[in-house]
1. How much accessible surface does R268 have with a 1.4 Å probe, in Å² rounded to 10?
2. So who's got an amide H within less than 5 Å of the one on F218, skipping anything under 5 residues away but keeping other chains? H placed 1.01 Å off N, in plane.
3. Suppose R0 equals 25 Å. What FRET efficiency, 1/(1 + (r/R0)^6) with r the Cβ-Cβ distance, do V49 and F85 give to the nearest 0.05?
Amino acid sequence: MLKTRWLTALTAAAALTSLATPAQAADLRLSATSSLGLSCGVAGARAGVQEGRFGVYGEGAYCRSGVEGEAGSAAFGLGATFDLFSTNGLTGYVVAGANLQDGNPVVYGGLGARYGLELFPVEGFAEVGVQRLSTDLLVIPGPRVTVGLTYRTFVGPLSSLVAAPAAAAGEGAAGSGEGAPAQCSVSPEEDRAAARSAASRAATRALSAAAGSYSAGFSSFTYQVNISSVTINGNTAVATGSITINLVSRGSGTRSSDTYPGTVTLVRDGCGWRATGYTRG
């Protein structure tokens, strides 16, 4: 029985964690990188922000010299990425940037791919391209290869950092500050219904993904999502409710049913809403 309850809790936790890492939200991204010896950056780090399809980052790396007995050097710079497509956890993108390598300017560009499981905030990536290093005497073109692991965490839509604070509103009001854009022509009730639907869809996707990932441990998995209330505050919303998970442990054959209360946070996305995070309890 304890093992069955542990499976239920693990599945719920993994599913609900995925709500905190939406693909199109603004994310803070921290990466460890390497060139695997195929170009100068033996080991490095990146820190950046991505919202939607566009991302920017700063990076630093230790570069080997390639000359016996000669010490390596540091490289520091900035870069940008633009996502071309995203499907089933795989995202293809273009990357471009510039840095200083031992005082020499370098510009580069290429293609990259990153892959991450929806249930975890960690993803791997690989980039291949070309670079152009300029010295006082000549220009040196060459290949550029980077692989790495990224930890991402949601920081909110970048526009909210400069937007004026909106006044709070309860379940019975659409918000006395900002509401849906005028061209959307939605009533307060329709706005709350859209937020409720977005929260329910996000929870359903997360639970379905968790069921597939952990199906080796249980069978007869069913769930129910219940959104009891929605509070809208301008361009943000909070949906309160619970999920109930029923499953049977493959090891013991014991059926378990547990309910987990919590809240889903959302941000306005055009005329609709997008889930950005989950808090249990």
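The values are calculated or read from the model by the stated rules, or taken from the named source; none is laboratory data. No experiment lies behind these values; they were computed from the predicted model shown. So basically every Cβ, Gly included, is an ideal-geometry build from the backbone, and we count neighbours across all protein chains shown. Each accessible area value is taken on the protein alone, full model and side chains, heavy atoms only, with ligands, DNA and RNA left out. Shrake-Rupley method; radii C 1.70, N 1.55, O 1.52, S 1.80 Å.
1. Number for this one is 30 Å².
2. Amide H neighbours of F218: R250.
3. Numbers: r = 21 Å, r/R0 = 0.83.
The value I calculate is 0.75.
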